[in-house]
Amino acid sequence: MNDIDTRLDAIRGTATPKAHNARTIAALTSNPGCTRRSVLDAAAVDKQALSEHIGYAAPFGMSGFAIARGNSFETHVKANGCAELLRLLREHLDLPLPEVSYDDLNSVAGRETLEARHLRTRQLLSRALRSGDDAGTLFDHPLLRLTIAGRPVYLEPDLVAFRLRGRFHVVEIKSFPVIDGRADASKVAAAATQSAVYVLALRELVAELGGDPGIVSHNVFLVCPENFANRPTAELVDVRKQVTVVRRQLTRLADIGGLVAELPAGLTLDLRPDERGVATRPVAELRTALDAIDARYAPECLDTCEMARYCRAGAAGRAAALGRPVQEDLGGVDSLRAAIGLADGSRAPGEHEFEAARLLQLAERLRREALGGAA
Ligand code: SF4
């Protein structure tokens, strides 16, 4: 354990490290410039427990209904030896074979430890890499691994379609619908980022096994229900951009030492749980510690980070709290009070604020005219 690990462990305190998954790793990319999130995630802090204790709990994660619907759809796609999936692969990837082999890595001879499943995944991929066989092979529940801030994290793609014309394709099964050929763009974007995490993990494994990581395709196979029925449809989604973004954020977490070095000595977010697991740390003390880590709140945080309500309260009155488009429009005027002052002329513009002041005054005049016209 090096100094950075010791420091991160001290920041987390007595709690066990919070495990990551592809969804949480994908969420890291939503606000890559936020030091607070980077430090909390590198230290594997349980952000949900932390936000609850300081009085800013946010409902987060998928609802029970959404999870049940997702499981039901996945079961349907994989039923009868993945019959529906094979139909889609034939249609979209010109799968030339009437049959493909299928390996379920969920259970290894009754042992289901993560290490055993990961080892089995390695063995099967290694064998496939050496075989040179061009046949399609489906791996169900493979267990991949990525290193996040120095810690190994296990990841489980829904399925990997393997070794078709010499390439691996990640298959991602999602339960949001494709209606008349269109799906919710934000959901597709989230699925693409999550798939990019799997692509990276699979490339890492192929490289460890001595193979060429480039054989893992950047085109992932996204399977969703079509219209309002349960019948699956699929699209190939290019995740090159998302792979780059995820990789950049993982590098930032790996280089967390520089950010941690800036923090006050002895800073800890330990909840100090008692013997029943109830947090005893004074809330004011914990908020002070948290405020010592720079945050960069944006409205998107509400969808992607458990700390969002706390950070939003901290950003009140700042242009950033209204989102990046507003922030950019205000051209460097960070405080909303200052923006209002520039707009109504009660505040003189600073050296770099003349253009922003001109636009704000124009907007204010138009607003007054519009309101006057309405009256
Ligand atoms: S909610 Fe807070 S900690 Fe999370 S990403 Fe946004 S600013 Fe950073």
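Restricting to the range 34-52, and then to whatever is more than 9 Å from the ligand (Cβ to nearest atom) and out of contact with any helix residue (DSSP H, G or I) (no Cβ under 7 Å at 6 or more places or on another chain), can you tell me which residue is farthest from S195 (Cα to Cα)?
E52
Kindly state which helices (runs of 4 or more DSSP H) lie completely within the range 274-375 and contain at least 3 residues that are in contact (Cβ under 8 Å) with a residue 12 or more places away in the chain, within 16 Å of the ligand (Cβ to nearest atom) and assigned by TED's automatic domain parsing to the domain that holds H53.
Fully inside the range 274-375 and qualifying: 283-291.
Would you check which residues across the range 41-82 are crowded, with 20+ Cβ neighbours inside 10 Å, closer than 17 Å to L302 by Cβ and either among the polar types (S, T, N, Q) or not assigned by TED's automatic domain parsing to the domain that holds P17 (or both) and list them?
Listed by number, the list holds a single entry, S51.
Is there a residue in the range 245-264 that is surrounded by 12 or more Cβ atoms within 10 Å (Cβ to Cβ), away from the ligand (no atom under 16 Å from the Cβ), part of a loop (DSSP other than H, G, I, E, B) and touching a residue at least 60 places away in the same chain (Cβ under 8 Å)?
No, every residue in the range 245-264 fails to be surrounded by 12 or more Cβ atoms within 10 Å (Cβ to Cβ), away from the ligand (no atom under 16 Å from the Cβ), part of a loop (DSSP other than H, G, I, E, B) and touching a residue at least 60 places away in the same chain (Cβ under 8 Å).
Could you pull out every one of the strands (runs of 3 or more DSSP E) wholly within the range 98-199 that has 3 or more residues that are under 21 Å from L85 (Cα atoms) and at pLDDT 75 or above?
Result: 101-104, 137-140, 167-173.
Touching a Cys at 6+ places or on another chain (Cβ under 8 Å) and surrounded by 11 or more Cβ atoms within 10 Å (Cβ to Cβ): does that describe R367?
No, not satisfied.
The values are calculated or read from the model by the stated rules, or taken from the named source; none is laboratory data. Quick caveat: nothing in here was measured; it's all calculated off a predicted structure. Backbone-built Cβ (ideal geometry, glycine too); neighbour counts: all protein chains shown.
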